[in-house]
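Participant: I'd like to ask some things about the structure below.
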Amino acid sequence: MASQPKSIRDSQTVISQLMQLTDANPVGNVQGGIIMRLVDETGGIAAARHVGRPVVTVAIDSMAFYSPIYVGNLVTLKASLNYVGRTSMEVGVRVEAEDVLTGEITHTNSAYLVYVALDENLQPMEVPPLLAETPEEERRVAEGKLRQEERLRKRWAEEARRASEQATQVT
Ligand SMILES: CC(C)(COP(=O)(O)OP(=O)(O)OC[C@H]1O[C@@H](n2cnc3c(N)ncnc32)[C@H](O)[C@@H]1OP(=O)(O)O)[C@@H](O)C(=O)NCCC(=O)NCCS
């Protein structure tokens, strides 16, 4: 039985973390991997909130860093569901860095991630439909659907390439 739709705002997630010396490279820039981990964590919480079950990351779109984040910056990550399929959920995460001494806030990067909800047997399970409540949310859902279609086209192409590679090795 399909579950009730859930609104986007019900699972929106915000995490803030102060960047420490241990997060940085020798010149004081926070390492990209630290931010990537926080992005994945924040997105995963939003997805798990939507479905009320554990989730795994199945895809992360390319991530570019527009400007550096420094030790002492307060990094804030905002995650929001954009689109859900049958068992998958696309989450957008926006990252901002605040210089807490000046109050200046910089948008440093954004990313899209796809999570899959798992049932008790760790198999993909159906997720609640996503309720878009504003024209802006409807636009985000439509854009998320297009991105997911593109990811799946790449997935099938990659699977076909691997299958043909294996067939060549066997013969
Ligand atoms: C997630 C996992 C259980 C899915 O298993 P699967 O056999 O691929 O199952 P499916 O083909 O039914 O895919 C499940 C969903 O993921 C989506 N999906 C799969 N690969 C995808 C990709 N590359 N990009 C976007 N979505 C993808 C499918 O479209 C499907 O969504 P839908 O039901 O909404 O259409 C399996 O791929 C897995 O365990 N992956 C590793 C997850 C993990 O450990 N992540 C941490 C990284 S180290």
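Participant: Mind checking which aspartates and glutamates have their C-alpha under 17 Å from residue 145, skipping anything on the same chain fewer than 8 residues away?
Facilitator: 61, 90, 126, 133, 136, 137
Participant: Under 5 Å between amide H atoms, partner at least 5 residues away or on a different chain: which partners does residue 83 have, H built in plane at 1.01 Å?
Facilitator: When sequence neighbours closer than 5 places are left aside, the close amide H contacts are 90.
Participant: Provide the per-residue ³J(HN,Hα) series for region 87-97, in order, calculated from phi with Karplus coefficients 6.51, -1.76, 1.60 and θ = phi - 60°, each as a whole number of Hz, with x at glycine and proline positions.
Facilitator: 10, 10, 9, 8, 10, x, 10, 10, 10, 10, 10
Participant: Taking all protein chains as present, what is the carbon and sulfur share of the accessible area of region 6-170, in % to the nearest whole number, probe 1.4 Å? Display every interim value, and only then the final one.
Facilitator: Details: 5210 of 9540 Å².
Its accessible area is 55 percent carbon and sulfur atoms.
Participant: If you don't mind, there's one more thing I want to ask. For the pair residue 131 and residue 102, what calculated FRET efficiency results from E = 1/(1 + (r/R0)^6), where r is the Cβ-Cβ distance and R0 = 35 Å, to the nearest 0.05?
Facilitator: Working: r = 39 Å, r/R0 = 1.11.
Result of the calculation: an efficiency of 0.35.
Participant: Taking only Cα atoms of the chain, what ratio of Rg to Rh do you get with Rh as the Kirkwood inverse-distance radius?
Facilitator: Values: Rg = 18.4 Å, Rh = 17.6 Å.
My calculation of the ratio gives 1.05.
Participant: Residue by residue, what Karplus-based ³J(HN,Hα) values in Hz, rounded to whole numbers, does region 138-145 have, using 6.51, -1.76 and 1.60 with θ = phi - 60° and x for Gly and Pro?
Facilitator: 4, 5, 5, 4, 4, 5, x, 4
Participant: Here is a follow-up. May I ask which residue of 105, 35, 16 lies farthest towards the positive end of the charge dipole of the chain, with charges of +1 (Lys, Arg) and -1 (Asp, Glu) on Cβ and the Cα centre as origin?
Facilitator: Most positive-ward Cα: 35.
Participant: Using just the helices of the chain, give the 222 nm mean residue ellipticity in deg cm²/dmol: DSSP H runs with n ≥ 4 each add -39,500 (n - 2.57), and the total is spread over all residues, rounded to 500. The partial results should precede the final answer.
Facilitator: Working: 2 runs with 56 residues, N = 171.
Helix contribution divided over all residues of the chain: -11500 deg cm²/dmol.
Participant: A follow-up question, please. Excluding ligands, DNA and RNA, what is the solvent-accessible area per residue of region 1-113 at a probe of 1.4 Å, expressed in Å²?
Facilitator: Details: 5980 Å² over 113 residues.
On a per-residue basis, region 1-113 sits at 53 Å².
The values are calculated or read from the model by the stated rules, or taken from the named source; none is laboratory data. Keep in mind that what you see is a predicted model, and the values were worked out from it rather than measured. All Cβ positions, even for glycine, are placed from backbone atoms using ideal geometry, and neighbour counts span all protein chains on display. Areas reflect the complete protein model, heavy atoms only, side chains present, ligands, DNA and RNA absent. Shrake-Rupley method; radii C 1.70, N 1.55, O 1.52, S 1.80 Å.
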